[in-house]
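This report refers to the structure that appears directly beneath it.
None of the figures in this text is laboratory data; all of them are computed from the coordinates on show. Keep in mind the model is a prediction, meaning the values are calculated, not measured. Don't worry about glycine lacking a Cβ; one is built from the backbone with ideal geometry, like all the others, and counts go over all protein chains shown.
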Amino acid sequence: MPTLRDIAREAGVSVGTASNVLNDPNVVSSETRERVLAVMRSHNYRPSAVARSLSTGRTRTFGLIVSSIFNPFTAGLVQGASEAVRDMGRSLLVATTAYDGRDVPEQVDMLVHQWIDGIFLASQPLPETVYSQLGFGETPVVVMDHGQPLPGNVVGLVGFDWRGAGYQVTKHLIELGHQRIGYVGGIPARSSSALREEGYRQALAEAGISCDPELCLEGNYLTDSGLECARKLLQHPDRPTALAMANDMMALGAYQAAAELGLRIPDDVSITGIDDNYFVAHISPPLTTVFVPTSKLGRVGIEILAETTGRDCGVRQVVLPVELVVRQSTAPPHS
């Protein structure tokens, strides 16, 4: 296998120019770049990733920290990030964390010590006490759904229009004629949870419907909490005619609660979710929900890291729009 020095000699350029063709091609003229690449192709030359990292101080690898990959929401993020690094000719290291985020500091340390070029922190939003322990050092960071003070090395904030998601499903139910709409929210004190509930309350207020505190419960985005909260709401003496669940996983729990109580969906109770996970179009009845472009966000987070690494570009903020998807789990209430 020829060395980079051999390639440079045959192409009639310096070793530095040959290196730039691989690592910083924009500083090399197109004619010279093509001549060097032609020599590389003729010898089937493959640069050493280790040598390149030592010479440039970069590994061309990004880190992605997510919650459980068994959650379809997370799977979409990983898919989008993976496609982005593939298109860039880079690599991705994925680290998964405990649901409460207690081990995120360990995952950050692991990635930083791998010479990662940047970290996309897309796990569940963390308690402030945990976030303050994160040792990013000088590594650039993109954060998803974060509502706390940020360290200086954050280069991007990305998320979804969660307020719009809560608003759209609630407005849809109101337009169908529902007046008593139960709401099961996500983990309290997280910005994404608060925004979804704000959207729910905004839609009620615009319709002149008072928000009954007995119809608003706190879940944790997991199916079991959706089941438990939906049971309480559907056994209320003046039960709601519709349930707006803060995500699809909890909506599955609401389906189970309705079945246990002998209630038909949507004849006896309408149910909505948020996320539009791949499976919700295939349950019975198919779930009305809000499409959240998780794969696109995974790509956007990586692209921000790639565009800002080594540059002083300030903090980019991206909020992706969401879209209501109406299926058969919602209908006008019975008289």
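How large is log10 I(q)/I(0) at q = 0.08, 0.10, 0.12, 0.16 Å⁻¹ when the Debye formula is applied to the Cα atoms of the chain, each weighted equally and without solvent?
Computed log10 I(q)/I(0) values: -0.48, -0.66, -0.84, -1.23.
Got a sec? Charge dipole of the chain, +1 on Cβ for Lys and Arg, -1 for Asp and Glu; which of G301, G273, L324 is way out at the positive end?
In the chain, that residue is G301.
Taking Cα pairs under 8 Å and at least six residues apart, what relative contact order does the chain come out at, in percent?
Once divided by the residue count of the chain, the mean separation gives 17 percent.
Select from G253, L287, T170 the residue farthest towards the positive end of the dipole of the stretch 162-292; place +1 on Cβ of Lys and Arg, -1 on Cβ of Asp and Glu, and compute about the Cα centre.
Value computed over the given set: T170.
Roughly how far apart, in whole Å, are the Cα centres of the stretch 262-335 and the stretch 152-190?
10 Å
Assuming R0 = 51 Å, what is the FRET efficiency of E214 and W115, from their Cβ-Cβ distance, to the nearest 0.05?
0.40
Under a GNM of the chain (C-alpha, springs under 10 Å), which listed residue has the highest mean-square fluctuation: V142, V130, V158?
Result for the chain, Cα springs under 10 Å: V130 fluctuates most.
Top mean-square fluctuation among T308, T272, T17, Gaussian network model of the chain, C-alpha springs under 10 Å?
T17
What ranking do 186-195, 236-245 get when scored by the average of other Cβ atoms within 10 Å per residue, highest first?
236-245, 186-195
Rounded, prolate or oblate: pick one for the stretch 179-221, where a ≥ b ≥ c are the square roots of the eigenvalues of its C-alpha gyration tensor, a/c under 1.5 means rounded, and failing that, prolate if a/b is larger than b/c, else oblate.
Taking the square roots of the gyration eigenvalues as a ≥ b ≥ c, the stretch 179-221 is oblate.
With the cut-off at 1.5 for a/c, could you classify the stretch 162-292 from its C-alpha gyration tensor as rounded, prolate or oblate?
Cα axes put the stretch 162-292 in the rounded bin.
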